[in-house]
Amino acid sequence: MYDDFFFPYEKAKLWTGNMVLLSLSNFLLYVSLYMMLPALPLWMVRHWYCSYAEAGATIAVFGLAMFLPGAFNSYLIDTFKRKSVCFIAMFLLVASSLLYPYVATVGLVVLVRALQGGLFSVITMTTGSTLVIDVTASRRRTDANIAFAWAGRFGMAAGLALGVYIYPYWNFHYIIYTSVALGTLALVLIPAVKVPFRAPLSTSWFSLDRFVLPRTLWAGLNMMMVAIVFGILIAHIYNELFYICILAGLILSLLLLSYVLSHASGRSEVELGQAAMIGGLLLLNYSNGLINSYIAGILLGMGIGTTVSRFFIKMISLPRHCERGTGNNTYQLLWEAGVLAGFLFENIWTESHPDTIYWICIGICAVLLLMYELFTHPWYYRKMEEKQ
């Protein structure tokens, strides 16, 4: 940015008008998408009498479809105006939600979910991986990526609470219309964002740029385990206050990371986050009380927020300067794939093993913690140095 060049010693501002607009749009978009997640399988089971496994598989197609446009990401943002690509993709995503009340078969729902997954992938690539970086001073781009990601996390929890609350009182059509209204609000904020001029570039059709960055996959796969646990909980628990407690836990984790753990090591953050998650899962497993479930929700929100934030920072710190957008996009793809993989697993598994789901989640957290401890232990680095 020009401000960085002419005023190199001034502290660059993070929350500019453009950053506020993009973060608010991201929050509303995630609320719009995630509020449908708890209601879609129930609607499919009651409307077409399909099994929960079939409904879960149909919904999980969204996560697979997010990988389809990835090889074209670089071509899209270098050849066309990035804000225009984002606006068109978001418009099509919002409009496609109106198709749900009119589809006649499960196969058509699969096609709608696949279309929305591909469009959402383009949106996350053009916003978090591109526009946020374009409108932020170079010294604050890491902070901007982190803040933008937090807006999405808050939108997930708020959307889940809203969807679970609305579904028993309104029919599924009203959930669709509410989702479309929120998506439209997210859409109308995009034209107000002022993006610096960039001349179009000539680039190849296929590229891993802005798609997947291999060197971030280790951190991404660790983070994906947290996403799987979150997806299992989404499919298993239908209580709006529980998700409000998760939202409260996310807010508490952000405050902890900002003021209490600001000088702590990444290893300490992951250990604390996984301890909070395991504590919340044990509370859900051994207690049926509502108050305890709300305490568990707060613990899970704190654990998810703390752990995912640490892995996200790792994923956008490992790339070189020109690869930041690719690292951010890798995070988006693996997070959504993990959530929907957990969602599908729960819908398949609990039909025959309903009492083991929390132990499976605890096992996933324990494996994540053991893997992280192993690969961050000084002994591992000494072994790697000896091999080299």
Per the filter on region 277-302, residues in contact with a Leu (Cβ under 8 Å, 6 or more places away or on another chain) and part of a loop (DSSP other than H, G, I, E, B) are none
Among the candidates I360, I364, residue that is touching a Phe, Trp or Tyr at 6+ places or on another chain (Cβ under 8 Å), assigned to a helix (DSSP H, G or I), open to solvent by 20 Å² or more (accessible area, probe 1.4 Å) and not aromatic (F, W, Y)
I360
Of the listed residues (S97, S32, S23, S51), the one being of a type in the set (S, T, N, Q), within 28 Å of L233 (Cα to Cα) and open to solvent by 30 Å² or more (accessible area, probe 1.4 Å) is S51
Pairs only if they're at least six apart or on different chains, beta carbon under 6 angstrom, first in region 322-334 and in contact (Cβ under 8 Å) with a residue 24 or more places away in the chain, second of a type in the set (S, T, Y) and open to solvent by less than 10 Å² (accessible area, probe 1.4 Å); list them, first residue then second.
G325/S129; G325/T130; G327/T216; N328/S129; N329/S129; T330/T216; Q332/T124
If you check R139 against the conditions, is it touching a residue at least 60 places away in the same chain (Cβ under 8 Å), open to solvent by 40 Å² or more (accessible area, probe 1.4 Å) and among the basic types (K, R)?
yes
When every residue in region 291-303 that is open to solvent by 10 Å² or more (accessible area, probe 1.4 Å) and touching a residue at least 12 places away in the same chain (Cβ under 8 Å) is compared, the one nearest to F148 (Cα to Cα) is M302
I want to confirm something. Restricting to region 185-234 and keeping residues that are aromatic (F, W, Y) and at pLDDT 85 or above, which single residue is least open to solvent (accessible area, probe 1.4 Å)?
F230
I want to confirm something. Restricting to region 100-117 and keeping residues that are surrounded by 15 or more Cβ atoms within 10 Å (Cβ to Cβ) and in contact with a Phe, Trp or Tyr (Cβ under 9 Å, 6 or more places away or on another chain), which single residue is farthest from P196 (Cα to Cα)?
V106
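The values are calculated or read from the model by the stated rules, or taken from the named source; none is laboratory data. The model shown is predicted, which means the values in this text are computed figures rather than measured ones. We place every Cβ from the backbone using ideal geometry, glycine too, and count neighbours over all the protein chains shown. These accessible areas exclude ligands, DNA and RNA; they are computed on the full protein's heavy atoms, side chains included. Shrake-Rupley method; radii C 1.70, N 1.55, O 1.52, S 1.80 Å.
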